[in-house]
Amino acid sequence: MRYGGEMDRASKLRTYCWMVGVMACAAAATSPAVAQSFVYQGELRVAGQPVTTAHDLTFRVWTAASGGLPVGVQTTVSGVVPVDGVLTATVAPGDGVFTGAERWLEVSVRAVGQPSFTTLSPRQRIAATPYASRSLSERWTDLGNGSLTNVDGVVQRVLINRDTPVTGADYFAVYTPTLQQQFGGMYIDTAAGDGLPFYGYATGGSVRAYHYVDGTNGVWWLYNSGNRVGVSTAGNVGIGTAPLSTRRVQVAGTVGVDGIVTTTSDVVSFGTLRGAGVEYNVPQQRYLALGAEAFHAADTATPGVFGEGPDFLARLDPSVGFGEMVAPVLLPDGAIVNSMTCYVGGPTAGNPLRVELQARPHTVVQIEVLADATTTGQTGASVAGTVGSQNSPISNQTRSYCLRVRATDWTTSHFVRAIVIGYTVGKPD
């Protein structure tokens with residue numbers, strides 16, 4: 001080689017290099033995208049004598065001992081002063097250099113102040129440390145096309161910032177040293193703004209499901225043999241349909257509910273809405289109104305006049321002395337009666353009109369009065385009933401219910417216009 005005008009074995013640069021630490025070399029093998037530097041040390045002699053004056057150096061990594069292609073970037077180190085001919089410099093070739101393939105280092109040198117560099121030959125092969133070589137050859141395999149795979153049985157788990165798995169069932173675990181209420185995790189980023197970043201699940205090499213974000217409209221989708229659940233950027237949820245309407249939750253298909261459903265807003269259904277055990281968070285007030293047309297004479301032989309004239313009043317014929325009218329009452333199971341308002345008329349305090357809401361057990365001859373009211377003689381009066389203290393929930397399986405209206409002596413002033421029963425329910429009726 002030629003250096004400083006001389007050309008013999010005494011004018012030479014004996015070189016060797018190694019990686020900075022075992023882990024730096026292993027990182028170079030397993031993470032080609034991460035920039036790796038290493039320390040170069042060589043001995044520089046001219047005419048057989050060690051050089052002690054300052055020199056500039058350049059370093060470049062190549063793919064072959066001669067010819068080939070340069071890899072990474074060139075490193076220039078200025079003003080290196082050898083110690084007894086031995087010089088040391090840090091070489092930083094940049095990203096994507098050490099992928100596991102063979103590499104050679106080309107060195108150029110010049111004395112400080114000289115106009116040009118002398119390229120030394122031959123290039124020096126870059127050898128990894130034994131531990132790093134084992135990491136590359138025994139733990140990871142370069143599949144080409146930018147793919148790197150682990151050697152099964154040697155590398156089975158990847159743990160980042162931790163030395164044990166979380167549960168033992170996890171084979172990729174990341175620990176983030178984040179403080180309280182700080183995010184810690186990872187992102188999957190696509191180069192294209194309208195890409196589809198996803199995270200998938202497979203068993204036995206077959207795709208099972210995945211979730212992804214549609215870069216076009218920002219909808220997050222859960223895919224399982226089709227897009228099943230979507231969430232829009234507005235927070236709307238679509239189940240079996242795109243979440244692009246103004247409704248907070250939209251479902252395509254039948255909805256089944258098991259358990260208690262509590263809601264403070266409207267639920268809109270475009271199909272059948274079914275639920276088992278659906279209850280209100282507080283009992284809801286309901287009313288049942290029975291008009292004059294609901295009543296008939298308790299005794300079929302008793303004449304009655306119903307819906308008479310324009311006032312739609314129910315009464316028995318004035319020729320009748322004592323008599324009763326009845327009307328069937330159908331309330332939902334579990335209802336609790338809490339009021340009864342009677343729009344009725346009766347002529348005198350001594351001959352009032354009496355109204356009773358009655359329950360009749362199916363298996364015995366017995367009458368239970370749930371609510372009752374009497375008039376005070378005012379024609380067309382609104383009379384509030386008294387609800388019994390032993391008022392049990394409505395049970396249509398064991399009882400039937402009716403209103404009974406009686407007077408000791410019916411006159412034209414006795415009548416029923418309407419009776420309104422108030423009740424509460426704890427679940428949809």
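The values are calculated or read from the model by the stated rules, or taken from the named source; none is laboratory data. What you see is a predicted model, and the numbers here were worked out from it, not measured in a lab. Note: ideal-geometry Cβ built from the backbone for every residue, glycine included; neighbour counts use all protein chains shown.
In the stretch 283-291, is there at least one residue being among the hydroxyl-bearing types (Ser, Thr, Tyr) and at pLDDT below 80? So far as the stretch 283-291 goes, no, none of its residues is among the hydroxyl-bearing types (Ser, Thr, Tyr) and at pLDDT below 80.
The condition of being among the β-branched types (Val, Ile, Thr), assigned to a loop (DSSP other than H, G, I, E, B) and either surrounded by fewer than 16 Cβ atoms within 10 Å (Cβ to Cβ) or assigned by TED's automatic domain parsing to the domain that holds residue 325 (or both) holds for residue 363.
On the stretch given as the stretch 36-71, residues that are surrounded by 12 or more Cβ atoms within 10 Å (Cβ to Cβ), touching a Lys or Arg at 6+ places or on another chain (Cβ under 8 Å) and among the small types (Gly, Ala, Ser) total 2.
Does residue 368 qualify as being more than 57 Å from the chain's Cα centre (by Cα), of a type in the set (Asp, Glu), at pLDDT 90 or above and under 24 Å from residue 299 (Cα atoms)? Taking the combined requirement at face value, the residue does not satisfy it. Every test in (1) part of a strand (DSSP E or B); (2) of a type outside the set (Phe, Trp, Tyr); (3) within 30 Å of residue 284 (Cβ to Cβ) is passed by residue 354 save one, and that test is (3).
Screening the stretch 391-429 for residues that are assigned to a strand (DSSP E or B) and small (Gly, Ala, Ser) and picking the one that is farthest from the chain's Cα centre (by Cα) gives 407. For the stretch 202-228, name all the residues that are more than 17 Å from residue 241 (Cβ to Cβ) and charged (D, E, K, R). Hit for the stretch 202-228 is 208, nothing else.
Residues that are assigned to a strand (DSSP E or B) and touching a Ser or Thr at 6+ places or on another chain (Cβ under 6 Å) were ranked within the stretch 75-92; the one that is surrounded by the most Cβ atoms within 10 Å (Cβ to Cβ) is 91.
Residue pairs whose Cβ atoms lie under 6 Å apart, separated by 6 or more positions or on different chains, with the first residue in the stretch 62-89 and without any contact (Cβ under 8 Å) to a residue 12 or more places away in the chain and the second surrounded by 15 or more Cβ atoms within 10 Å (Cβ to Cβ), are 70/60; 70/62.
Residues of the stretch 98-116 that are in a loop (DSSP other than H, G, I, E, B) and of a type outside the set (Gly, Ala, Ser): 98, 99, 102, 103, 112, 114, 115.
For residues that are small (Gly, Ala, Ser) and assigned to a loop (DSSP other than H, G, I, E, B), scanning just the stretch 157-181, find the one that is surrounded by the fewest Cβ atoms within 10 Å (Cβ to Cβ). Among those that are small (Gly, Ala, Ser) and assigned to a loop (DSSP other than H, G, I, E, B), it is 169.
Suppose we filter the stretch 321-337 for residues that are under 52 Å from the mean Cα position of the chain (by Cα) and either outside any loop (DSSP other than H, G, I, E, B) or without any contact (Cβ under 8 Å) to a residue 12 or more places away in the chain (or both); how many remain?
Of the residues in that region, 4 qualify.
For beta carbons closer than 6 Å, sequence separation of 6+ or different chains, a first residue in the stretch 114-135 that is at pLDDT 90 or above and a second that is of a type in the set (Gly, Ala, Ser), the qualifying pairs are 117/108; 119/108; 123/65.
Right, residue 179: closer than 26 Å to residue 62 by Cα and among the hydrophobic types (A, V, I, L, M, F, W, C) or not? Criteria not met by residue 179. Inclusion of residue 109 among residues that are of a type in the set (A, V, I, L, M, F, W, C) and modelled with pLDDT of 90 or more is warranted.
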